[in-house]
1. What about B:Cys301, is it assigned to a loop (DSSP other than H, G, I, E, B), away from every other protein chain (no Cβ under 11 Å) and over 28 Å from A:Leu219 (Cα atoms)?
2. If B:Glu205 satisfies every condition in (1) touching a residue at least 24 places away in the same chain (Cβ under 8 Å); (2) more than 8 Å from every other protein chain (Cβ to nearest Cβ); (3) under 30 Å from B:Val141 (Cα atoms); (4) of a type in the set (Asp, Glu) but one, which is the exception?
3. Looking at A:Leu258, A:Leu251, which is the one that is surrounded by fewer than 22 Cβ atoms within 10 Å (Cβ to Cβ), touching a residue at least 60 places away in the same chain (Cβ under 8 Å) and under 18 Å from A:Arg295 (Cα atoms)?
4. Show the residue pairs that are 6+ apart or on different chains and have beta-carbon atoms under 7 Å apart, the first residue being within region A:302-326 and within 13 Å of A:Cys292 (Cβ to Cβ), the second being charged (D, E, K, R).
5. Among A:Leu240, A:Leu234, A:Leu259, A:Leu251, which is the only one that is at the interface with chain B (Cβ under 8 Å from one of its Cβ atoms) and either in contact with a strand residue (DSSP E or B) (Cβ under 9 Å, 6 or more places away or on another chain) or within 22 Å of B:Leu260 (Cβ to Cβ) (or both)?
6. With the structure loaded, tell me whether B:Val280 is closer than 24 Å to B:Thr13 by Cα, at pLDDT below 90 and within 12 Å of chain A (Cβ to nearest Cβ) or whether it fails that test.
7. Residues that are within 30 Å of A:Ala174 (Cα to Cα): find the helices (runs of 4 or more DSSP H) completely inside region A:210-288 holding 2 or more of those.
8. Working only within region A:268-318, note down all residues that are among the acidic types (Asp, Glu) and surrounded by 15 or more Cβ atoms within 10 Å (Cβ to Cβ).
Amino acid sequence: MTADNNILLKVENLVMHFPIYRGVFRRQVGVVHAVDGVSFDIKKGETLGLVGESGCGKSTTGRSILQLYKPTAGSVYFKDTNLVKLRPEPMRMMRRELQMIFQDPYASLNPRMTVRDIVGEPLMAFGEASGKQIDERVASLLDLVKLNPDFSGRYPHEFSGGQRQRIGVARALALNPSFIVCDEPISALDVSIQAQVVNLLEELQERLNLTYLFIAHDLSMVRHISNRVAVMYLGIIVELADRSDLYKNPLHPYTQALLSAIPVADPVYSEQRRRIILEGDVPSPVNPPSGCRFRTRCPIAVEKCAQMVPEWRELQPGHFVACHLA
Amino acid sequence: MGEQLIDVQNLETHFKTPDGIVHAVNGVSFNLKEGETLGVVGESGCGKSVTMLSCLRLIPSPPGKIVAGKAIFRGKDLLKMDSEEIRQIRGGQISMVFQDPMTSLNPVMTIGKQMAEPLMLHLNMNAEQARNRSIELLGMVGIPNAADRLKEYPHQYSGGMRQRVMIAMALSCNPQILIADEPTTALDVTIQAQIVELVKRLRDELGMAIIWITHDLGVVASIAHRVMVMYGGYIIEEANVKDLYVDPRHPYTLGLLGSLPLIHEETHKKLFSIEGMPPVLYQKPTSCPFAPRCTYAIEHCWKENPPLETVGEGHRVACWVDPMKGSK
C-alpha cells in the first residue's frame, strides 16, 4: 500500500480490455487493448497531465480509475482503499471524493434540467442538503465558478460553451471532492474561452486544495497546467516526468515527435526548429505490435524493439521512460 | 508573389433566423496573389468560413444571403456569375477542403468513384484516364498502393488518410486557389503535422495560392505568408505573418496570442484571458464590436466602429487605440 502519505492516488498495472463479439452466437473473437498495464501515482494537490493521440487510452484510463469501467486487472488505491475491490455501496459513497469534468459541455448536461437541478443533483443524491439549503449551496457554487447565481433557473441551451463548462465544474465541486478527472475539459472551446476555463481550474485548485488528472491532447496546455506529465501511446505510458524536464529533455522518440509536431504561434521559432514528422497512423489496439508498440512508426527502431517489450526505467530521478534506446 | 488572383471588396452576408437577421460578414475586403498563402484566423462565429463560402456562392440560401460586395476572379465577378459559370469554377479553378473528412466524403461510394467525378466533369476525361489520374494524385498525397485503395470505401481509411483524399480531390483539376477550411482541426497533432507538411510541399510544387482558415494561431504561423484576423464579421487586423506575431496592434490579436501557453515558456505565468464571449450581431454595430471585451477601450470606441487603416507595410488594423502606446 501507500507508504508515502503525500500520495493521494496510486494506480498499479491497470488493464482495461474491451471484448469484441462477432457472428450469430456473439462469440468473443478478440479484445481491444485500450489500456494495457499502466502504473503511476498522483500526489496530493498536484496536477498530473495525461497526453496522447486519440485512441491511445487516456480517457479509458481516467474512466477506469473512477470505476466507470470495471478494470480487467490491476488496482487503484485512493487513500489506501483499493477501489477495484470495493463493493457497490461503499464505492458509491466514495464517489463524493472522486469527480469528473467531461469534454463535451453540450452532451454532458441534461437539456431538460435547469442549472439548479444539475448542480444540486449530487447534493440530493447523497442527502447532503434539501430544499432551501440546496438553493444556497447552488448559488455559492455558481459564484465560485464565476457564473451569475441568478441564472440558476435557466436551461443549458441558454449558455455558451464556456459557461456550460463552468456549470460542469460547479457540479463536480458540489460534494467537496478531493480528486477530479478532467477529461479534455477545454478541447471543445474557443481559444479565448480556453484560457478562462484553465485559469478557473487553477484558481479552484489553489483555493480548495484539489488534485487533478488532466487528460488532453493539447501538449502546450498540458505543459501549462500540469506539475508532471505522462505520455501515452497505444494503451501504455511511454514516458513520465516533471513537466519542465519532459519538455526540455524528452527521452522517448514518441515524446520527441509529439513535441516537435505542436504548432507554435511564433513564425520565427517555427521556421528554425527541426520537426520530426512521423510516418503513418497509430496501429490498431486490437493487434498491437510486438515488442515496443511504437516501433512501427519509430524513426530509430532497431531489431531488438520488435522482440522485447522495453522495460519501464527511471533514467533520472523522477523521469521514467520505456525505450530500449533511451 | 505574382499577380493578383482574387479581389474581394466590401462583402456582406446575412442570415435570416427566427431571432432576427444575423450579420455574419460585414464588409470584408481582401485580396490574394498568385502563389500566396493567406491565413484567416478567428473564433467560431467570427465569419471566417462564411466569408470564403460566400466567395464561392456556397452559402445555403435561404437563410443566407450575400447582400453586397464583389469578388473579382480573373476579371469577372464571382457573385454575379450565372450558376453554370460558377459551377465551372468551383472544384476547377478554385477548390475547397473541408474540416471533417468523414462527413464530406460519400460513405456509400468508393474513393475511386468520388475521385473520378470532378475529373470527368471538369476535364472531360474518360473513365480510364480518370482512374490513372486518381492513382497519380493519391500517390502525390502519400497514399501507398493507390490502385488497390481506389476500390475501398471512406470508412476503410483513417482520419488522416481521408483528409489526404480530400486534398487529392481538391487538387485534381489543378486549381489556382485552394481554400482549406480548418483542414487539420479534427486530426491528431502528429497527423496534423503530416498534412501541413504535405500542403506546403504541394504548394511549392504546383504553385497554387492557398486560403487557410483556422482558429489555431500556431498552425498559421508555420504555413501562411499573410494573416487576417477576424472578429464579429470584420477583419480587425491584417499583416505579414512575422509582423503579426512580433508586432500585433489590435487588442484582440494581443489577447489571442496572450491566451496561448507557449511550449518554450520557462516560468509558469497565468494565461491572459479575454473576458466575456464573441458577439452574435443582430444589427450592424455602430461601435467597435470588440469594445465590450476590450481592456483598452476608450469612450470613442463606443461611438464609432473603427475603419481598417494602414499602419505599416501590408499591415492594416481596425482600432481607435494603439495598445502599445495608449490612445492615438
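The values are calculated or read from the model by the stated rules, or taken from the named source; none is laboratory data. Quantities reported herein were computed from a predicted structural model and do not represent experimental measurements. Methodologically, a virtual Cβ is constructed for each residue, glycine included, from the backbone with ideal geometry; neighbour enumeration extends over all protein chains shown.
1. Details: assigned to a loop (DSSP other than H, G, I, E, B): no; away from every other protein chain (no Cβ under 11 Å): yes; over 28 Å from A:Leu219 (Cα atoms): yes.
Judged against the criteria, B:Cys301 is not a match.
2. All conditions pass for B:Glu205, except number (1).
3. A:Leu251
4. Pairs that qualify, where the first residue is within 13 Å of A:Cys292 (Cβ to Cβ) and the partner is charged (D, E, K, R), are A:Cys305/A:Arg295; A:Ala306/A:Arg295; A:Val321/A:Glu239; A:Val321/A:Arg313; A:Ala322/A:Glu311; A:His324/A:Lys304.
5. A:Leu259
6. In short, yes.
7. So the answer is A:219-225.
8. Restricting attention to region A:268-318, the residues satisfying the condition of being among the acidic types (Asp, Glu) are A:271, A:279, A:281, A:303, A:311, A:314.
Hit for region A:268-318 is A:Asp281, nothing else.
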